[in-house]
Amino acid sequence: MDFSGFSEEIYLSFAISILLLLLVLESPWSNSASWLPLDFCLPTLPERRPALMGDSEVEPGSGQHQKLCFLGGCSGESLSESEASQSGSSGDESNSYRALPTQRTMMAWTTVMVKKIKVMALNNEGVEESDSSEDEVAPRNTIGDVPLEWYKDETHIGYDLAGKKIKKKERQDKLDSFLASADDSKNWLKVYDEYNDEEVEVTRQELKLVRRLLKGKAPHADFDPYASYVDWFKWDDAKHPLSNAPEPKRRFIPSKWESKKVVKLVRAIRLGLIKFDKPKEEQRFYPLWGDDSSSAEKANHLAYIPAPKPKLPGHEESYNPSLEYIPTQEEINSYQLMYDEDRPKFIPKRYTSLRSIPAYDNGVKDVFERCLDLYLCPRVRKKRINIDPESLKPKLPSRKDLKPYPVTCYLEYKGHKDAVMSISVEASGQWIASGSLDGTVRIWEVETGRCLRVWDIGEAVKSVAWNPLNELPVLAVSAGRDVLLLNTGFGDDEEQKKIRELLRVETPQAPDDSDNKGPVVSWLQDDKHDGIRLRHFKTVSSVEWHRKGDYFSTVMPADILLPLSKKHTQRIPFKLHGLPVSAVFHPTRSIFFVSTKKNVRVYDLWQQKFIKKLETGLREVSCIAVHPGGDNVIVGSREGKLCWFDMDLSSQPYRILKCHPKDLTNVAFHRSYPLFASCSEDCTAYVFHGTVYSDLNQNPLIVPLEILRGHTSSNGRGESFSTPSSYSLCWHLISFFCYGVMDCKFHPRQPWLFTAGADSVIKLYCH
Amino acid sequence: MVKHYRPPGKKKEGNAARYITRSQAVKHLQVTLPLFRRLCILKGVFPREPKKKMKGNHHTYYHVKDIAFLQHEPLLEIFRDKRAYEKKIKKAESKKNPDLANRLRTRIPTYKLDRIIRERYPKFVDALRDLDDCLTMVHLFATLPALEREKLEVERIHNCRRLSHEWQAYISRSHKLRKVFISVKGIYYQHVEIIFVDGLYIFVLYVLFKAEVEGQKVTWLTPHALQQVLPDDDVDFNVMLTFVEVYETLLTFVNYHLYHSINVKYPPILDPGLEALAADLYALSRYFDASSRTPVVDPHDPSIFGSEQVETQQKGTPPDESELRLAQLQHQLPSNEPGALMRLVEDVTDEDEEDEDTVECKKLFKDLKLFLSREVPRESLLFVIPAFGGVVSWEGEGAPFKEADQSITHQIVDRPTQGHIFLSREYIQPQWVYDCVNARIILPTESYMVGRVPPPHLSPFVDNDAEGYVPEYAETIKRLQSAARNEVLPLPGIGKEDLEDPQKLLVEGIIDRAEANEAAERKRKMILEQNRYLDELKMEVIGTTTSDDKQSISKEMEAREASDPDIQRIVQDHANMSKVVMSRNKRKLYEAMEIGKKRKQSHVDLLKERKRKIAAAQKSVES
């Protein structure tokens, strides 16, 4: 028998079987089969078995015998159980048990085992009650094979036959147990049996067993693990072997499958599929870019967009920044209130020496995030404009070369008690007329600022207009639903005579030319102001004269009328899309511009047809003015934009100027100088230079020249001014909405600008 | 058929045909997402931003050509093979066949990335352009600990370390380091690589032109020599390792190229003794010396041997004598090594190819001999000081010279007090070196003495004038710089060879530059004066117009007082005037720029405010 073939695991299983043996010894009355299912089982046991079997496969005879030997030994011992002698301990056991745990652990392990064995032995008695022998002691415990912890908190461990509780014993406390161990010399032999709640004394026999186990020997002295092999089978007279089968052929020839496998391997080696100890490849270095001259090759893939370089650190990232870069504690605290994305990522800190810099927490994380950026962020080539913002501004011609233009406030005309809504300059430029919300129309001398004449209309004056003819100094005034034609009283006697004649109306003029509708306008003689009163059926917002002074137009929210100075009234014969806002005559031809809220429509009055529509693109048009040449129109809007239309160019604006933050109230062209102006509710007036070239290829030149300030935003009624009771609420409202500069007009000959403010002042700006 | 006819849903055009989303790409390539990412990183493929995103904003889009580029990549096939092998290994292992598993493991397909590097960077300049991230990453990995859990292998880290040292050695050797900045995050270095395009030879009347491409600035960050903080979960090391894989290959070839450009063999073979002492940089510099000593020097240069003999016999006459001595000190070449100083000849021949800047940098620490105490960051200083022509040694084995050396001029110390003091040298804090480097002058050492709080360390990357705020110390440095430049005026006692010296020319250039600066300064002042005068004029004009209004003198005075905002308004008006005529787009752009400007200004104001407060606090403490 080849013992050297035994591996350590066999010895382990050895030890286990010894334990089993021990159990068998402990309870001789029971057969071993009833033992095995107990909870005492080592996990190595089932695993090691196959190894044993494998061994036995190689040499079938010997394994079998070994097993037999065990069993034999076991049964033999059980027979001689009563024998207590342990004299014959076998010699070289220490060698064979070397794989077992050390002595110490073994000891602990054994004590536990002994306890367990005891308990189980006792247990067994209970379980095996059926085939009980006479000296059996019934277990105290009657709860059965259930976990003891279920009874942990109970005072009993089951019930006896009488149905009374079997009480648990009082547990000894430490002191008692110590005293007991001191008093009783045999106390160390006692083991507490938890199941039955009693103490059991280990007998001498058991003690011996344990001792042998502790030494790592077989529990029984008589057991010889290396007994010589006895072949129980009698071979002497046997005629036939155990098996009569002939020896198979495969025992005599080389394995086919092995050779096949070998052939396969050989083939694989020959083909180079299997390479033995392939040398590890070293990285080869060579000039990858050559001499750089040959690398003019063009990549055939998409253009590479290099990743933006990480931002270089500023002063604040220094380990020792200037003190001013370090935020104060309050500032750091205030960062907490910020949104996450606004919060500064890096808070500067100062270390006074290089050695005191701590490790940076986010070093790896920063690099990782950069990696993520590199391969996950979409890249796009963006043009970054790295220019001085000033270079964006267009180069304007020097303003010195564009002089003269109004620059400074030269005169103020004071006298109105409420916002001045409109002004008009007389053709000679000597006088101006102004209409105000306080219901007066005044005429001022331009050069002195003297108020020459005052008419009290009684209603808020929306618009005033001088007749453009020098010899016909008539003033058209719109107030409420009326338009008044007033005789200013200028001019010599002949002229006055003419005017008086003109301003006389035969009162019964009821049957109008246009009989399809009712009288749109009724011509009345106004005796109080010595003029004509034209009563409209709606409020009139503005009045405009034709250049010849013979016609004038009035604008109502509803429609446009065209009264003749021959006391004829004509509604314009075109269809307007939307409400008219303002209207002007062409300065040289019989063309008429009407602006609705969105567009400007151009009509030929002579041929009575629609010419074109100017598309402003504005939200709400407020005013319109025509260049004295007649080909260019400017349109102001309520959103503060000013559109310049070149009529020859297109119907779209040639240029849109966004100059005012608030509504534009009026725009004006100078009659002779290349100037135009806009005034707005933001209390400013802009003066622009606008040259129109006779060469059609050249676009008009527009240069902003000056911002004129001076008007205040309060509307003219000061605290001292009490509103006359005659004013209706409606006028309050109107005046309430009057801000800033309400009107602007150029002087006909000088580069001067008059502005009428809602603060009841008229200003004259001179160059 | 009409050219543009297509059945609905059959073929796409425009952005829809040109871009695909990531998941489409993954499906198209039949790879897993991690593999796709890996491929993208290796190949340098990145998502692009289509003008119109047909699948919505929450997708990433790749160009179809990029994906096709990936599809035709041989690496893809290798990765598939690898995967197959991994499966085989797994199978063998689960069948308990370790032999097979091991054999398979040795035969897993490997790949090399040099072709990809060449593809991604067709020219050396391209490689240099993308080197920033590469260097930062490699330097970071050189300081990381090997971690099995994160698959950080020891070899990889050693390789990174080696590469970073090789790179630093080259920079130091070629004196191309320009700026150094110690931040809280680590130390930033910037170097300028000037590339001569050799391909552009133009023969016109037998004249050879050499075109110079602008210097490529490479900036990288090295962490402080401290234990790195490894984040727990929010860092995916797989991604980083893929990047490192590319970067290692890239840096290897870049190093190769650079080493060969100065006639040194690559990969360097280092003295194992020095390597063991963790003095890799020094070992590399020794290697440089050794390799330049041998054959690569121009054979027709007659002064190779002559200069050495001169050096050994008499000291003084040859032009490169000081350099010879300097090198001898720096490297402490053992006397038994014959011809140890021959490498210098090469340096001399190189001289005319170097630009002004390099020459300036090379001379910065020329006459200084520095010694590092053991507590200062040795690696960084050993890199920086030789890069600016200084001689440096450190405390420890293998150092070129010991602390007791009497010729040491500066000792760099970073401790509260210095015990034993040699009177012949100055004891300074390490920041002095970095500040000198950034200012390009030798700064006075008083404020950097041991135990003092050094002056603020300023970033060399900031253009103070553009930023609008100049820290106080920057002004001090500027003054010192201009003072130093005035001093460098040619002294009468210097011999003829100095006149031929390129450095002399450089000095002249500097003077010219200084003069130009002064002139510019004067001009600016004049303009300022003019503006002020104009403003005053305006004030007067407005004063008179208001007084025109027949108002009393007192009112006029008031008006004068009130005219201050008026002037501002006028200036504002003038600014606004041309804004009126601007087109809408330009106006919007202008306004955006104004906002940016305002933000910048507010930052500057904040700094000024803080500074004022600090000054006030100091004053109150003093009084």
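The values are calculated or read from the model by the stated rules, or taken from the named source; none is laboratory data. It should be emphasised that the depicted structure is a prediction, and the values quoted were computed from it without experimental measurement. Positions of Cβ are backbone-derived with ideal geometry, glycine not excepted, and every protein chain shown enters the neighbour counts.
For B:Val229, the conditions (1) in contact (Cβ under 8 Å) with a residue 24 or more places away in the chain; (2) within 8 Å of another protein chain (Cβ to nearest Cβ); (3) farther than 21 Å from B:Lys179 by Cα are fulfilled apart from (1).
Taking B:Lys51, is it within 14 Å of another protein chain (Cβ to nearest Cβ), over 30 Å from B:Ala127 (Cα atoms) and in a loop (DSSP other than H, G, I, E, B)? Quick ask: steps written out before the conclusion?
Working: within 14 Å of another protein chain (Cβ to nearest Cβ): yes; over 30 Å from B:Ala127 (Cα atoms): no; in a loop (DSSP other than H, G, I, E, B): yes.
Judged against the criteria, B:Lys51 is not a match.
Among the conditions (1) of a type in the set (Phe, Trp, Tyr); (2) within 22 Å of A:Ser463 (Cα to Cα); (3) at pLDDT 80 or above, the only one that A:Trp606 does not satisfy is (2).
Would you please name the residue that is farthest from the other protein chains (Cβ to nearest Cβ), looking only at residues in the stretch B:145-182 that are free of Cβ contacts under 8 Å to residues at least 24 places away in the same chain and in a helix (DSSP H, G or I)? Step through it out loud before you land on a result.
The initial filter retains those residues of the stretch B:145-182 that are free of Cβ contacts under 8 Å to residues at least 24 places away in the same chain, namely B:146, B:148-149, B:153-155, B:157-158.
If we keep only those that are in a helix (DSSP H, G or I) as well, we get B:154-155, B:157-158.
Working: B:Val154: 16, B:Glu155: 11, B:Ile157: 13, B:His158: 14 Å.
Ranking the candidates gives B:Val154 first.
Out of the residues in the stretch A:324-352 meeting the condition of being assigned to a helix (DSSP H, G or I) and out of contact with any His (no Cβ under 7 Å at 6 or more places or on another chain), tell me which one is nearest to the other protein chains (Cβ to nearest Cβ). Once the filter is applied, the top-ranked residue is A:Glu324. Scanning the stretch B:415-463 for residues that are farther than 20 Å from B:Lys363 by Cβ, out of contact with any strand residue (DSSP E or B) (no Cβ under 9 Å at 6 or more places or on another chain) and away from chain A (no Cβ under 14 Å) turns up B:Gly419, B:His420, B:Leu423, B:Ser424, B:Glu446. The combined condition, being more than 21 Å from B:Thr32 (Cα to Cα) and not aliphatic (A, V, I, L, M), is fulfilled by B:Arg105.
Inside the stretch B:390-399, residues that are surrounded by 20 or more Cβ atoms within 10 Å (Cβ to Cβ) and farther than 11 Å from B:Ile412 by Cβ make up a count of 1. One residue alone among B:Phe69, B:Phe36 is within 9 Å of chain A (Cβ to nearest Cβ), without any contact (Cβ under 8 Å) to a residue 60 or more places away in the chain and not in a loop (DSSP other than H, G, I, E, B), and that residue is B:Phe69.
When B:Leu152, B:Leu135 are screened for being under 30 Å from B:Leu230 (Cα atoms) and touching a strand residue (DSSP E or B) at 6+ places or on another chain (Cβ under 7 Å), only B:Leu135 passes.
For (1) outside any loop (DSSP other than H, G, I, E, B); (2) closer than 20 Å to A:Met742 by Cα; (3) more than 50 Å from the chain's Cα centre (by Cα), each residue gets a yes or a no:
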| residue | (1), (2), (3) |
| --- | --- |
| A:Trp606 | no, no, yes |
| A:Ser622 | yes, yes, no |
| A:Pro628 | no, no, yes |
| A:Ile634 | yes, yes, no |
| A:Trp644 | yes, no, no |
| A:Gln652 | no, no, no |
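Just so you know, in the stretch B:104-144 the residues that are of a type in the set (A, V, I, L, M, F, W, C) and within 7 Å of chain A (Cβ to nearest Cβ) include one that is nearest to A:Ala268 (Cα to Cα), and it is B:Ile117.
A quick yes/no check of all residues on (1) hydroxyl-bearing (Ser, Thr, Tyr); (2) more than 7 Å from chain B (Cβ to nearest Cβ); (3) closer than 30 Å to B:Thr143 by Cβ:
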position: A:Arg370; (1), (2), (3): no, no, yes
position: A:Asn386; (1), (2), (3): no, yes, no
position: A:Ser391; (1), (2), (3): yes, yes, no
position: A:Pro406; (1), (2), (3): no, yes, no
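Taken over the stretch A:298-342, the criterion of being surrounded by 11 or more Cβ atoms within 10 Å (Cβ to Cβ), among the aromatic types (Phe, Trp, Tyr) and out of contact with any helix residue (DSSP H, G or I) (no Cβ under 6 Å at 6 or more places or on another chain) is satisfied by A:Tyr304, A:Tyr319, A:Tyr335.
Taking the stated definitions as given, is B:Ile385 aliphatic (A, V, I, L, M), in a loop (DSSP other than H, G, I, E, B), in contact with a Leu (Cβ under 9 Å, 6 or more places away or on another chain) and in contact (Cβ under 8 Å) with a residue 12 or more places away in the chain? Here the answer is no, as B:Ile385 does not meet what is asked.
Hey, any hits in the stretch A:489-497 for a residue that's modelled with pLDDT of 80 or more, in the same structural domain as A:Val543 (by TED's automatic domain parsing) and under 60 Å from the mean Cα position of the chain (by Cα)? Checked the stretch A:489-497: no residue is modelled with pLDDT of 80 or more, in the same structural domain as A:Val543 (by TED's automatic domain parsing) and under 60 Å from the mean Cα position of the chain (by Cα). Does A:Pro397 count as surrounded by 11 or more Cβ atoms within 10 Å (Cβ to Cβ) and more than 8 Å from chain B (Cβ to nearest Cβ)? Yes; evaluated as a whole, the condition is true for this residue.
Go through the residues of the stretch A:733-744 one by one and say whether even a single one is farther than 22 Å from A:Gly449 by Cβ, of a type in the set (A, V, I, L, M) and either modelled with pLDDT under 85 or crowded, with 21+ Cβ neighbours inside 10 Å (or both).
Of the stretch A:733-744, the ones farther than 22 Å from A:Gly449 by Cβ are A:733-739.
Among the residues that remain, those that are also of a type in the set (A, V, I, L, M) are: A:733-734.
Subsequent filtering for residues that are either modelled with pLDDT under 85 or crowded, with 21+ Cβ neighbours inside 10 Å (or both) retains A:733-734.
Yes, the stretch A:733-744 contains a residue that is farther than 22 Å from A:Gly449 by Cβ, of a type in the set (A, V, I, L, M) and either modelled with pLDDT under 85 or crowded, with 21+ Cβ neighbours inside 10 Å (or both).
Per-residue answers, yes or no, for (1) modelled with pLDDT under 90; (2) under 43 Å from the mean Cα position of the chain (by Cα); (3) at negative phi; (4) within 9 Å of chain A (Cβ to nearest Cβ):
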residue	(1), (2), (3), (4)
B:Leu534	yes, no, yes, no
B:Lys538	yes, no, yes, no
B:Ser554	yes, no, yes, no
B:Arg587	yes, yes, yes, yes
B:Ala616	no, yes, yes, no
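Report yes if A:Glu445 is crowded, with 20+ Cβ neighbours inside 10 Å and farther than 30 Å from B:Asp236 by Cα, otherwise no. Don't jump to the end; show me each part of the working.
On the way: crowded, with 20+ Cβ neighbours inside 10 Å: no; farther than 30 Å from B:Asp236 by Cα: yes.
Answer is no for this residue.
Restricting to the stretch A:654-666, name every residue that is buried (at least 24 other Cβ atoms within 10 Å of the Cβ) and outside any loop (DSSP other than H, G, I, E, B). A:Leu664, A:Thr665, A:Asn666, listed by residue number.
Does A:Ile457 satisfy being over 30 Å from A:Tyr304 (Cβ atoms), at pLDDT below 85, assigned by TED's automatic domain parsing to the domain that holds A:Lys538 and not hydroxyl-bearing (Ser, Thr, Tyr)? Judged against the criteria, A:Ile457 is a match.
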